[in-house]
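The values are calculated or read from the model by the stated rules, or taken from the named source; none is laboratory data. All values derive from a computational prediction rather than experimental measurement. Here Cβ is always computed from backbone atoms with ideal geometry, including for glycine, and neighbour counts include all displayed protein chains.
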Amino acid sequence: MSESSSNPLRKVAVVGASGYSGEELCALLDRHPSAELTAVFSRQHQGKTIGEVMPRFTGLKIADVPFLDADPVKVAACDAGLVFLALPHGVAAEYAVALLEAGKVVIDLSADFRLNDAEVYADYYGGEHPAPELLQHAIYAIPELSRDEIRTSNLIACAGCYPTSIQIPLAPLFEADLIDPEGIVVSSASGVSGAGRKAAVDYLYAECNENMKAYGVPRHRHLSEVEQQLSIAAGSKVILTFIPHLAPMTRGMHTTIVATPVVGKNASELKNALQATYASEPFVRIREQPPETKNVTGTNFCDIALFDEPRTGRVVILSVIDNLVKGAAGQAIQCYNIRAGLSETAGLL
């Protein structure tokens, strides 16, 4: 598929454009060299333009794109060949059903299609899955780990932000049988934007500023997809301890992983495996020093560092991403580029 105007996936639409991830999607699409954002949908903002709702886009090419009625049938009738769903879990599935029936390609940023088992979804998300028949058709998407599947899928389920920061460093190590699946501890900290654009006491400035706290302990929802995907990579059941934190920053994510190499393996072999896996990947950088969130803010990079801990026989792996870019909108654009046959870095570098 070429990058010309004849590309059937050139025209795209966004449902949920006024949330943090949706707004980031719009920003990336505005500067994308091949994609054309032809429609955005919102019940709340219907009749207004992108520039009116999000003044940061005033004067840019997408500023006059209007928000349209977000009825799923009307969304499915739009002229876009591909639709991004930047919606809460439980809401996206209804749109996906209508869009797939209409022959559209769907890239979903919610959790609705990340899990293979509807019972696991119900357990972690507190309700029956709204479209269980589609789970077998969805592709779980982290581009560096599932590029071939993304190329041909019509239902692409983007990984969550925490799972992205955990799986990019760990999945290759499991696939190479270098990490013991037992006793892994993951501690992550996310910027407040990871909670979405909503009014809640926990996310008020006075509550978040100069404060850091754990939440979702002991079983955050993202744990379900992390264990699912790492178990696939390992070829055996992986169970880990995951402690997410809310950090006093707007955006960014820092993940610390403590793990044990399998008997006979050492930190140098693990680091070599990561370097070999990601040597040609445009958005993964292996660092010698502990990575910092400020160095990935506003980018689609994942920075990783691995350190030996000889006193305990363990390794410490650090990874950082921007939760709104590599953890959401940027990853979705990367998936779009792959699916549309474009340069994978288009609009991202």
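Considering 282, 310, the condition of being of a type outside the set (A, V, I, L, M) and within 17 Å of residue 144 (Cα to Cα) is satisfied by 282 alone.
Note on the stretch 145-198: among residues that are part of a helix (DSSP H, G or I) and among the small types (Gly, Ala, Ser), the one that is farthest from the chain's Cα centre (by Cα) is 171.
On the stretch given as the stretch 295-338, residues that are under 16 Å from the mean Cα position of the chain (by Cα) and not acidic (Asp, Glu) total 26. With a requirement of 3 or more residues that are among the charged types (D, E, K, R), the strands (runs of 3 or more DSSP E) lying completely within the stretch 243-349 that satisfy it span 302-309. Scanning the stretch 106-153 for residues that are in contact with a Ser or Thr (Cβ under 8 Å, 6 or more places away or on another chain), among the β-branched types (Val, Ile, Thr) and under 20 Å from residue 84 (Cα atoms) gives 139, 142. Every condition in (1) surrounded by fewer than 18 Cβ atoms within 10 Å (Cβ to Cβ); (2) closer than 22 Å to residue 184 by Cβ; (3) at pLDDT 95 or above; (4) not charged (D, E, K, R) is met by residue 253 except one, and the failing one is (1). Note on the stretch 277-326: residues that are among the charged types (D, E, K, R), surrounded by fewer than 22 Cβ atoms within 10 Å (Cβ to Cβ) and in contact (Cβ under 8 Å) with a residue 60 or more places away in the chain total 1. Taking the stretch 31-144 as the region of interest, the helices (runs of 4 or more DSSP H) fully inside it that hold 3 or more residues being closer than 18 Å to residue 335 by Cα are 92-101. For the stretch 206-215, the criterion of being outside any helix (DSSP H, G or I) and either in contact with a Cys (Cβ under 6 Å, 6 or more places away or on another chain) or closer than 26 Å to residue 138 by Cα (or both) is met by none of the residues.
Can you find a residue that is at pLDDT below 95 and closer than 28 Å to residue 321 by Cβ anywhere in the stretch 111-124? No, the stretch 111-124 contains no residue that is at pLDDT below 95 and closer than 28 Å to residue 321 by Cβ.
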